[in-house]
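Have a look at the structure that comes next, please.
What follows is calculated from the coordinates using simple rules that are stated; it is not laboratory data. All values reported here derive from a predicted model rather than from experimental measurement.
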Ligand SMILES: NC(=O)c1ccc[n+]([C@@H]2O[C@H](COP(=O)([O-])OP(=O)(O)OC[C@H]3O[C@@H](n4cnc5c(N)ncnc54)[C@H](OP(=O)(O)O)[C@@H]3O)[C@@H](O)[C@H]2O)c1
């Protein structure tokens, strides 16, 4: 299923199930801008696959609300939903994110 073609009606769930048919436990995924829209849906799907998802959003308040939403909608995941504030419009914030991330993790498998 890896080379399946997707279209405008494909869902994030279909895409991740085709590309990651088995559990992603232990895989570390950073997703920027994931408190709404396509980023939020992507975070939900990687978390559903049991990945360690590091949410990277500029608003801590929105990030916490989105994290709560994901946990409520995906109650059976064995993954991790971490949060580190990141404003991509600020180099200081990018630097602070990188420091916080590397203090906690020694690998990054996927960056979105
Ligand atoms: N990680 C990714 O690759 C990613 C994530 C999201 C969207 N996108 C792209 O954005 C386009 C529109 O997607 P959409 O309609 O779902 O989303 P959207 O409404 O455009 O929102 C995008 C997300 O990006 C966040 N964001 C905007 N500026 C940011 C910044 N300086 N630092 C950190 N986060 C920031 C927004 O956070 P606020 O709520 O704080 O504004 C929001 O969560 C698409 O082309 C999509 O590919 C990519």
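Roughly what angle does helix 91-104 make with the longest principal axis of the chain, taking Cα atoms, 0 to 90 degrees, to the nearest 10?
70 degrees
Here's another thing I want to ask about it. With the Cα gyration tensor of the chain in hand, give its eigenvalues times 5 under a square root as the equivalent ellipsoid semi-axes, listed largest first in whole angstrom.
In descending order, the three semi-axes are 23, 15, 14 Å.
Next question, about the same structure. Helix 37-48 sits at what angle to the longest principal axis of the chain, using alpha carbons and giving 0 to 90 degrees rounded to 10?
With both axes taken from Cα atoms, the answer is about 70 degrees.
What number does the stretch 24-64 give for Rg over Rh if you use C-alpha atoms and the Kirkwood radius?
Ratio of gyration radius to Kirkwood radius for the stretch 24-64: 0.97.
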